[in-house]
Amino acid sequence: MYCFAGIMHFVKPKAYLRIMPNYLPTPKLLVSLSGFIEIILGILLCFPATKNDSIYLIILMLITFLLVHYYMLSGEKASAGIPRWILILRIPMQFGLIYWSYWYLKF
């Protein structure tokens, strides 16, 4: 799932640029960097030696991505045409993804 999402940053960068908060610098670089990080973290999940580290970093990434979710609620342009109810629903869904990631940690 993370590898696919990361690849989409390069296949459809305009979609990600539209939702990038305007207060962040170098949006193109950030879209590419976040896509690259998602791909790497998705790959690292496949190896027992790096799985836990990858999960911790995915959780950190998901928390960071909350900035985008809240930004998309700030106005019509920021919403990229997505209905407000879906944008609101994405926030608890993001916390669900964080919990789901945490659930896979091996202590």
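The residues of the range 40-80 that are assigned to a loop (DSSP other than H, G, I, E, B), farther than 22 Å from Tyr102 by Cα and touching a residue at least 12 places away in the same chain (Cβ under 8 Å), listed by number, are Leu73, Ala78, Ala80. Within the range 40-69, how many residues turn out to be under 19 Å from Pro27 (Cβ atoms) and surrounded by 13 or more Cβ atoms within 10 Å (Cβ to Cβ)? The total comes to 6.
Residues in the range 4-39 that are of a type in the set (A, V, I, L, M, F, W, C) and surrounded by fewer than 16 Cβ atoms within 10 Å (Cβ to Cβ): Phe4, Ala5, Ile7, Met8, Phe10, Val11, Ala15, Leu17, Leu24, Leu29, Leu33, Phe36.
Taking the listed residues Gly96, Gly81, the one that is small (Gly, Ala, Ser) and modelled with pLDDT of 95 or more is Gly96, with no other qualifying. Under the condition of being more than 17 Å from Pro13 (Cβ to Cβ) and out of contact with any helix residue (DSSP H, G or I) (no Cβ under 7 Å at 6 or more places or on another chain), the residues counted in the range 24-50 number 5. Tell me which residues, restricted to the range 60-81, are within 21 Å of Ile7 (Cβ to Cβ) and out of contact with any Lys or Arg (no Cβ under 6 Å at 6 or more places or on another chain). Passing the criteria: Leu60, Met61, Leu62, Thr64, Phe65, Val68. Pairing residues of the range 15-35 that are under 19 Å from Ser79 (Cα atoms) with residues that are among the charged types (D, E, K, R) and surrounded by 11 or more Cβ atoms within 10 Å (Cβ to Cβ), at Cβ distances under 8 Å and at least 6 apart in sequence or on separate chains, gives Leu17/Lys28.
The values are calculated or read from the model by the stated rules, or taken from the named source; none is laboratory data. Quantities reported herein were computed from a predicted structural model and do not represent experimental measurements. Positions of Cβ are generated from backbone atoms using ideal geometry, with glycine treated the same way; all protein chains shown enter the neighbour counts.
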